[in-house]
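A.B. asks: Can you keep this structure in mind? I'll have questions shortly.
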Amino acid sequence: MPINFSNAKFIKGAHNLNQCLPDTGIEIAVAGRSNAGKSSALNVITGINGLARISKQPGRTQQINYFELAENRYLVDLPGYGYAKVPPKLRQHWDETLSAYFETRQSLRGLVVIMDVRHPMKDLDRQLIEWVADIGIPVHCLLTKSDKLSKGQAASALEKTRAQLMLIEPTISLQLFSALDQRGVDEAREKIEQWLLE
Ligand SMILES: Nc1nc2c(ncn2[C@@H]2O[C@H](COP(=O)(O)OP(=O)(O)OP(=O)(O)O)[C@@H](O)[C@H]2O)c(=O)[nH]1
Ligand SMILES: [Mg+2]
């Protein structure tokens, strides 16, 4: 039974662990710096324009957002990190909540880390990837906004990042992506589908 990404439906947003969906399904989470292009990637992967915006709250509210793809199969949009204007208390809340999420969530079968191809592997990206890989959660990286670079520049960013990821955990996969020209969308869907059906 292949996954039909265009069935994605926003189910709920959670601010605390006790508001999360019951830990009984199979889910793939998406994380990345604020403004990296997470919402845009989710929209082109599902093919639903505005899907990720549905859950956007006014102000700087951030949430763990659940999108149902099929029975018991979910995409989870995690709060972005690295946004300088987030109040320290809120940042601490998410640091603690997401640590607990990664460490305890049985349903979580893979993490897609979204990075701007022009600035990959910032400190917070690296910390997240090292930590999640250490827990044993599979990681796939999307180097997005690749439309902003020439083919040669993008290829060299890909190889440089691949070498850095190899040193962290050799099983981490990565690819070029663009929400603008939809480069890499099929490859991203394949990875997510493979994890969801494993
Ligand atoms: N050129 C280009 N622009 C992109 C791409 N993906 C996202 N953008 C732009 O980057 C900006 C941020 O995109 P979002 O998808 O909102 O990023 P986000 O990670 O969801 O941001 P937050 O939810 O605020 O953390 C927007 O202006 C997008 O139009 C891409 O592949 N190519
Ligand atoms: Mg967003």
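The values are calculated or read from the model by the stated rules, or taken from the named source; none is laboratory data. Owing to the predicted nature of the structure, the values given are computational and were not obtained by experimental measurement. Virtual Cβ from ideal backbone geometry, glycine too; neighbours counted across all protein chains shown.
A.B. asks: Could you please let me know if Y83 is hydroxyl-bearing (S, T, Y), at negative phi, touching a residue at least 24 places away in the same chain (Cβ under 8 Å) and within 16 Å of ligand 2 (Cβ to nearest atom)?
C.D. replies: yes
A.B. asks: Is it true that P22 is farther than 26 Å from L174 by Cα and either in contact with a Phe, Trp or Tyr (Cβ under 6 Å, 6 or more places away or on another chain) or at pLDDT 95 or above (or both)?
C.D. replies: On the way: farther than 26 Å from L174 by Cα: yes; either in contact with a Phe, Trp or Tyr (Cβ under 6 Å, 6 or more places away or on another chain) or at pLDDT 95 or above (or both): yes.
Spelling it out, P22 is indeed farther than 26 Å from L174 by Cα and either in contact with a Phe, Trp or Tyr (Cβ under 6 Å, 6 or more places away or on another chain) or at pLDDT 95 or above (or both).
A.B. asks: Of the numbered conditions (1) closer than 28 Å to E130 by Cα; (2) of a type outside the set (F, W, Y); (3) at pLDDT below 90; (4) within 18 Å of the chain's Cα centre (by Cα), E27 satisfies every one except a single condition; which is it?
C.D. replies: (3)
A.B. asks: For region 89-110, state whether one or more residues are more than 26 Å from F67 (Cα to Cα) and either without any contact (Cβ under 8 Å) to a residue 12 or more places away in the chain or not charged (D, E, K, R) (or both).
C.D. replies: yes
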